[in-house]
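The values are calculated or read from the model by the stated rules, or taken from the named source; none is laboratory data. Since the structure is predicted, the reported quantities are computational estimates derived from the model, not experimental observations. Counting neighbours? That spans all protein chains shown, and the Cβs are built from the backbone with ideal geometry, glycine included.
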Amino acid sequence: MVKLSKRLQMIADRVPVGSKVADIGSDHALLPTYLAQQGIIVAAVAGEVNPGPFEAAQKQVLESGLSKIIQVRSGDGLAVIEAGEVNVITIAGMGGSLMASILEAGKSKLPGVQHLILQPNVGEDHVRRWLLANGWKLESETILEEDGKIYEILTAVTADTEERGTLEALYEERLLPGGVTVSKERLQQMGPYLINEAPEVWFMKWESELKKLAMIVDQLKLSTAEASIAKTEQVSQEMHEIKEVLACLQKVKP
Ligand code: SAM
């Protein structure tokens with residue numbers, strides 16, 4: 001039986017029982033292997049674009065005796081599945097921008113998919129924007145820390161025609177309990193649910209992001225080019241808004 005990391009376990013916990021799953025960028029196919037061993041899924045495709053991880057996935061599935069349940073396929077993103085073949089897609093451990101481009105390129109494979117379980121390592125805002133633009137309802141957000149790294153897991157479900165008109169509401173500019181107004185852009189960056197819950201690890205993430213942004217500003221300030229000056233202003237404004245949100249939510253913390 002494979003044992004998952006805390007991060008992969010939290011992804012596994014979000015897969016509905018009886019699902020047919022495509023795990024894209026599966027690497028060692030640990031997630032589908034665990035799901036099959038636990039009897040959570042009835043079928044899976046483990047997709048990999050790179051030869052090394054593809055072979056590792058094949059080995060894992062073969063050695064676990066799960067070849068009847070998990071098919072390991074080589075290919076880019078959703079190219080490894082046919083439309084209607086799976087009802088859940090998991091993508092974990094890559095950047096949000098790549099994740100959004102995989103979903104965009106594979107749109108024709110999405111009819112019939114009911115759940116997307118996504119764990120971007122960075123750039124979660126790309127994923128939230130893609131979901132919103134493509135009629136997916138962000139259903140939940142989770143944040144966790146493991147081995148000094150912080151991860152977010154976003155789950156989305158297909159929105160019916162009626163719901164589609166209400167998806168924007170999640171990102172509507174709103175007044176936080178501490179009196180600060182948070183913009184759509186900041187909600188897409190910091191998470192519309194996470195901002196409400198504001199767990200300790202989320203504060204830790206944004207304190208660390210602020211340090212990275214401060215370093216970017218320091219670098220930009222070394223240049224007198226117009227583009228650098230404009231970028232400095234933009235990043236400084238972003239930092240200001242993030243700080244305001246954090247300070248305001250710290251204030252109202254129980
Ligand atoms: N999903 C596993 C996890 O979360 O532990 C593995 C994450 S690993 C860091 C990212 C994997 O995605 C790599 O094995 C890489 O080869 C694969 N990958 C990157 N781009 C991909 C794409 N366009 N299609 C399929 N796999 C991709």
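Looking at the structure I just gave you, is Ser26 more than 9 Å from the ligand (Cβ to nearest atom) and of a type in the set (S, T, N, Q)?
no
Just to verify a result, which residue in the stretch 61-84, among those that are in contact (Cβ under 8 Å) with a residue 40 or more places away in the chain and of a type in the set (A, V, I, L, M, F, W, C), is farthest from Ala44 (Cα to Cα)?
This residue is Leu78.
When Lys137 is evaluated against the numbered criteria (1) more than 9 Å from the chain's Cα centre (by Cα); (2) assigned to a strand (DSSP E or B); (3) surrounded by 20 or more Cβ atoms within 10 Å (Cβ to Cβ), which criterion, by number, is the only one it fails?
The one condition Lys137 does not meet is (3).
Output the residues belonging to the stretch 1-24 that are polar (S, T, N, Q) and assigned to a helix (DSSP H, G or I).
Gln9
Limited to the stretch 29-50, what total is found for residues that are within 9 Å of the ligand (Cβ to nearest atom) and surrounded by fewer than 19 Cβ atoms within 10 Å (Cβ to Cβ)?
2
From the list Leu110, Leu103, Leu66, Leu62, exactly one residue is within 13 Å of the ligand (Cβ to nearest atom) and in the same structural domain as Gly148 (by TED's automatic domain parsing). Which is it?
Step by step, each of Leu110, Leu103, Leu66, Leu62 is checked, and only Leu103 is within 13 Å of the ligand (Cβ to nearest atom) and in the same structural domain as Gly148 (by TED's automatic domain parsing).
Scan the stretch 70-92 for residues that are away from the ligand (no atom under 12 Å from the Cβ), more than 16 Å from Pro16 (Cβ to Cβ) and either among the aromatic types (Phe, Trp, Tyr) or assigned to a loop (DSSP other than H, G, I, E, B) (or both) and report the count.
Number of matching residues: 4.
With respect to Ile11, is the statement that it is within 13 Å of the ligand (Cβ to nearest atom) and of a type in the set (A, V, I, L, M) true?
When the stated conditions are applied, Ile11 passes them.
Out of the stretch 93-134, which residues are assigned to a helix (DSSP H, G or I) and closer than 18 Å to Leu187 by Cβ?
Result: Gly96, Ala100, Glu124, Asp125, His126, Val127, Arg128, Arg129, Trp130, Leu131, Leu132, Ala133.
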